[in-house]
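Worksheet: the structure to be examined is printed underneath.
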Amino acid sequence: MRFSIYLLFNLILLSKISFGQISHGGFPLQVIALKSSKNIKVILPVLEQSEIDAAIEKNNSTDNLLKPFKFAHAFEVALNAGNSGQWYTTDAGYNVWKLSIYSEDAKSLNLIFSDFQLADGTRLFIYNEEENHYLGAFTSANNKASKKFAVAPVSGNELTIQYEVPEEMGTPVNFEIARVNHDFIGILKSTRRPLGTSGECNVDVNCESGDAWDDVKNSVCRLIVDGTEICSGTLVNNTAEDETPYIISAAHCYDEWDYAETTVYTFNYESPYCAPLDGDPVNSLSGAIMKATYDSLDFALVRLDDEPPASFRPYYAGWDRSENLPDSSASIHHPLGDIKKISSDYNSPTITDFSSSYISQAFYKISKWDEGVTEGGSSGGALFNTSENVIGTLTGGQAQCGYPYNDYFARINMQWDYRSDSTEQLKCWLDPINSGTESLAGKQFNSGEELCAAFTNLNDDDEHANILNEYGGYWGGTNNQGITEYVERFYIGSDETLDGISLGIGKLDLKTGGATSQITLKVYNGNAYPETLIYSQTVNVYGFTEDAMNYTAFSETVQPADTFFVGFELSNINEQDTFAIYQSLRTDENSTNHFYYKQNSQWYNFKESNSLNYAMVNVTELIACNCNIVTDTPLVDIPANVSIYPNPTSSQITLVSDSEIFPETVSVFNMLGQQIDVEFISVQSHKIGLNLTGNTPGVYLVRFNYEDTYVTRKFSFVPGR
């Protein structure tokens, strides 16, 4: 059967942010609250608009050159299971303590715990049932030496804390809620900010400008500091190369030494491709120990309480403390707490002062960004040289969209040992073996089964949308045509195991409340079509969020063949509910199709079943481990089947295309537009190797023919990498 195609574009006017951190799954026990229950809800004082206005004015002030981003007001409290809330008995063998906290007009709420010592066998949940937002279960595995625990924001103006204790333990007091932070901006993907997200001039890290930074971008994280401010940070290597999880950021992000203990660090918060699609910030860790900081050089180095797990794809960035000025530089950061962005300067920075409050000549000045800028929330973000090593951390500046000038990064070579005290220098921590080296390369420590990567079929030319079919319903979801399954075709070509899948949810309207609406995630082996079902997992859509990526970890190891299909079945979606994922319609007749659907028990290739022969790709991203290939960029499909590797390279690059490459059309340029000489080391009809040896380290462009047009791709040349 063939169909016509109609488009419904759900415009993303404002990005939204959500949050997660390492927890142990499950849902809270159902408890029926008694009408006579007292102290079950705490109502916080109304936050005065004048306080909100003052914070927003400070965020936007051009007089304040520093670039943290204040999004919440802190209410000091002292709430525990002995002085508030209500204990309940259950038939499940648990005593359950519940407390709700309400703050008028809050976009989200987050908590800081003190005296946090959960007993073995207990479970703690934090949730907003109305907003479908759950955190937990947290257990004794989340206890820390500091006895503090920071949790990510929960959407809405009310949250519930539920502590479940085996009944033989009685009703213990194992923690105290010390602070409730009221979000007046709206930083979650389930709320919309009145101020919008970062400026339109910012560049998503998965756009072409970020192609050369596929490894190092995974070192960058977003910081929610003490529940009220957002900054950026970078995971860095040390000379012992022992995977100590140090994060470098700015001193002005941590107003107090112990704020490291109540900061949440989020990795991989980014769009899966070059588009303003909100990522899923599920990969987060709570708490760290401050190791060194010095305000006059504006740096802070903390050690995370937990090592980032393999599924976070952690990369430990290198650093360079030499006096050498790079020909160009880049910064990767989270402006306004938004998804990860990259800013590029194709000229050398200069050494200068920042202000009289800081050490003289301790800063690199970016006179003008060529791509992107920084904003509030970018503070602490690293400045990288052409070898992808950290050379500085952002203090602040005047740069913003429309005025990309004058940003200042505190220099690592000054932070290194300007101060002799180990708590005020980097040297003690980043060179623990006292090697004296001036630079250290970044490193991916995970290998074999622990080496994970992200894979998507999306490319820079795609545009995600809710796509309607002719007869009602969505091509990516609920419909009235008997279509029950949707899958995406993948080819990775290694011995990978699948960790989970992230779906770009484009439409979620739960008329029934959604508590029983489910999809079933499925993985098939097959070549031309899905053939053998090798995995299925039922997921409740109640916790998903619209206009964002939503990640689900697989409950067991899934090892597909080289070619496989991943998607979902709709059979358990309630009839009144609407669910659909985003898709990108490809109208070029040469476009590759990755989308397949099952109708009336028969599988169809979308391109072969629509009247215009359009292709389609689902907005999905796979996390796979045991990967021989490491890439967060789209699979080979740019514009059809073109690739360039390795990137970065230390000597050679290889061009591969499904269309014949003519050597006379291949050219390499530096960022000034000057053509450089390269040696052809191998020439085949569809594959050409180039030798870059002898050229200056830096970022280059390679241009070559593709049928009746040209392809241009950026890469980094890093000799001795």
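Table for the structure above
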| item | result |
| --- | --- |
| Antiparallel %, DSSP beta bridges [both residues in the stretch 87-184], to 5 | 100 percent |
| Cut-off 9 Å between beta-carbons: net charge of the residues surrounding ASP461, Lys and Arg +1, Asp and Glu -1 | -3 |
| Other-chain or far-sequence residues with amide H under 5 Å of GLY396's (modelled H) | TYR408 |
| In order through the stretch 126-139: 3J(HN,Hα) via Karplus (6.51 cos²θ - 1.76 cosθ + 1.60), integer Hz, x for Gly, Pro | 10, 7, 10, 5, 5, 8, 6, 10, 10, 10, x, 6, 9, 9 |
| Relative contact order [Cα under 8 Å, 6+ residues apart], the chain, whole percent | 13 percent |
| Percent of beta bridges antiparallel (DSSP, the chain, rounded to nearest 5) | 95 percent |
| Computed [θ] at 222 nm, helices only, for the chain once each DSSP H run of length n ≥ 4 contributes -39500 (n - 2.57) | -1000 deg cm²/dmol |
| Interchain or long-range residues, amide H under 5 Å from VAL154's placed H | LEU109, ASN110 |
| The chain: C-alpha gyration tensor shape, a/c 1.5 cut-off, then a/b vs b/c | oblate |
| GLY698 long-range amide H proximity, modeled H, under 5 Å | PHE717 |
| The chain - accessible surface per residue (Å², probe 1.4 Å) | 38 Å² |
| The stretch 366-469, relative contact order [Cα under 8 Å, separation at least 6], % | 19 percent |
| Restraint check, LYS67/LYS340; LYS107/LYS147; LYS147/LYS217, Cα-Cα greater than 25 Å | LYS107/LYS147; LYS147/LYS217 |
| Percent accessible area from carbon and sulfur atoms, the chain, protein chains only, probe 1.4 Å | 44 percent |
| Derived scalar couplings ³J(HN,Hα) [the stretch 474-491; Karplus, 6.51 cos²θ - 1.76 cosθ + 1.60; whole Hz; x for Gly, Pro] | 10, 5, x, x, 4, 7, 10, 10, x, 7, 10, 9, 10, 9, 10, 8, 10, 9 |
| Rounded to whole Hz, the Karplus (6.51, -1.76, 1.60) HN-Hα couplings of the stretch 338-348, x for glycine and proline | 6, 4, 4, 10, 10, 10, 10, 10, 8, 10, 6 |
| For the chain, Cys with no neighbouring Cys Cβ under 4.7 Å | CYS221, CYS428, CYS627 |
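The values are calculated or read from the model by the stated rules, or taken from the named source; none is laboratory data. Values in this document were obtained by computation on a predicted structure and should not be read as measured data. Cβ: placed from backbone, ideal geometry, glycine included. Neighbour counts: every protein chain shown. Ligands, DNA and RNA are stripped out before the accessible areas are found, and what is left, the full protein with its side chains, is counted by its heavy atoms. Shrake-Rupley method; radii C 1.70, N 1.55, O 1.52, S 1.80 Å.
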